[in-house]
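> Structure incoming, see below.
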Amino acid sequence: MSATDNDDMGFDPLKREAVGWVRHLTSGQATAADAEALRSWCAQSAEHAAAFAAASHLWRDLAPAGRNVRAAALARQSSSAPRPLNRRVLLGGGLAASAAGVYALARPPLGLWPSWSEFAADYRTGTGEQRSVALPGDVSIRMNVQTSIALRPADPGAAWIELLSGEAAFATTGRSFGVRAADRWILADNAQFDVRYVATGGERPVCVTCLKGALKVEGGAEVTAMKQGQQLRYDTRGESLAEADIEVASAWQRGILLFRFTPLADVVEEINRYRPGRIFIVNTEIARLPVSGRFRIDRMDEILTQIQQAFDARVRLLPGGIVLLS
């Protein structure tokens, strides 16, 4: 990975490298080797770790609506002459910066890149990437974008996995198969189902949709039975079982994103999983407006044009695939 391919913001060389790392991590092309290289880069000095933490925060700070974009202000601050620091302040700041750099790698802001645990997945897809996986026991998996799964020990001929993050569709016609998502197991013998474990509004709820057959969802002593056409949502606060909109839940498998009266903020959050960079809404008034429609996954940028026309929104393009909607 080349971390010096930046031409923006007038950053000094170290900060440009840090921004280059963030851009690479948000591109969907980063690998476990890149994560190791980044950790080594951050460990070179407190200044390296601080630069990476600052670049991470810059990306993060673009998100909240109403704050607008602080990139120009941060750029001016970064280019100003640093004040001399005494040894005590330098040591304290160095430790804090190192911790911040490691934290940004382990818990990336806004989920802009995979967490450290996701880099260790057995199978992973990046932004805009989908793939199919076949496992023992007649199990097939269709992984959606930004998805990480890890294999778990099982009996010979069986398959057990953990969905670390993202969304995947599963089909099994053989022996018992189990998928762990958060703190529960989804168990099936002969079924087709979709499991989504994606951060939404600061939370990470799990959504299980039974497309065919029957499922059991187990969490400790609690067991929930599901049948075809049902959808179960659960998180740390509890669970809810309801009828599913199968067409919406399975649309991504047909190369489509389908929305029905979905707030624009949620639509943009979903779109961000399919395209490099990130879209930010900086106008809270349009964030709540409902969106309905079908959009082709292989034509993500066309959605921006449609949103601009439908809501009379302003679209501003920035380097690194950053788009501001206002």
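Just so you know, all these numbers are worked out from the coordinates, no wet-lab data involved. These numbers were taken from a predicted model, which means no experiment stands behind them. Here the Cβ positions follow ideal geometry from the backbone for every residue, glycine too, while neighbour counts run over all protein chains shown.
> Per the Kirkwood definition applied to all pairs of different Cα atoms, how many angstroms is the hydrodynamic radius of the range 255-325?
The Cα-based Kirkwood calculation yields 12.1 Å.
> Treat every Asp and Glu Cβ in the range 138-262 as -1 and every Lys and Arg Cβ as +1, leave all other atoms uncharged, and give the resulting dipole magnitude about the Cα centre to the nearest 20 debye.
Roughly 160 debye, rounded to the nearest 20.
> If packing is taken as the average number of other Cβ atoms within 10 Å across a peptide's residues, how do 123-129, 166-172, 134-140 rank, most packed first?
Per-residue Cβ counts within 10 Å, averaged per peptide and sorted highest first, yield 166-172, 123-129, 134-140.
> Only loop residues by DSSP count here, and only those with at most 12 other Cβ atoms within 10 Å; note down the trypsin sites (Lys or Arg not before Pro) in the range 255-326 that meet that.
Passing both the DSSP loop test and the Cβ count: R288, R314.
> Could you list K227, K216 in order of exposure, starting from the residue whose Cβ has the fewest other Cβ atoms within 10 Å?
Placing the least packed residue first, the sequence is K227, K216.
> Could you give the distance between the Cα centres of the range 122-139 and the range 204-239, to the whole Å?
Measuring centre to centre over Cα atoms gives 22 Å.
> Based on other C-beta atoms within 10 Å, arrange V223, V133 from fewest to most.
Result, fewest neighbours first: V223, V133.
> Which whole-angstrom value gives the distance between the alpha carbon centres of the range 284-326 and the range 167-187?
What the calculation gives is 34 Å, centre to centre.
> Determine the sum of side-chain charges near Q308: Lys and Arg each +1, Asp and Glu each -1, restricted to other residues whose C-beta is under 12 angstrom from that of Q308.
For residues surrounding Q308, the net value is -1.
> Oh, and also: At a Förster distance of 22 Å, what's the computed FRET efficiency of R316 paired with D266, Cβ-Cβ distance as r, to 0.05?
It comes out at approximately 0.55.
> Still on this structure: Give me the dipole magnitude in Debye, nearest 20, for the range 192-277 about the Cα centre, with unit charges on the beta carbon: positive for Lys and Arg, negative for Asp and Glu.
Magnitude of the dipole: close to 240 debye.
> Report the local net charge at P290: Lys and Arg +1, Asp and Glu -1, summed over other residues whose C-beta lies under 11 Å from its C-beta.
Taking every other residue near P290 into account, the sum is +1.
> For a footprinting-style exposure proxy, rank I246, I279 by other Cβ within 10 Å, fewest first.
I246, I279
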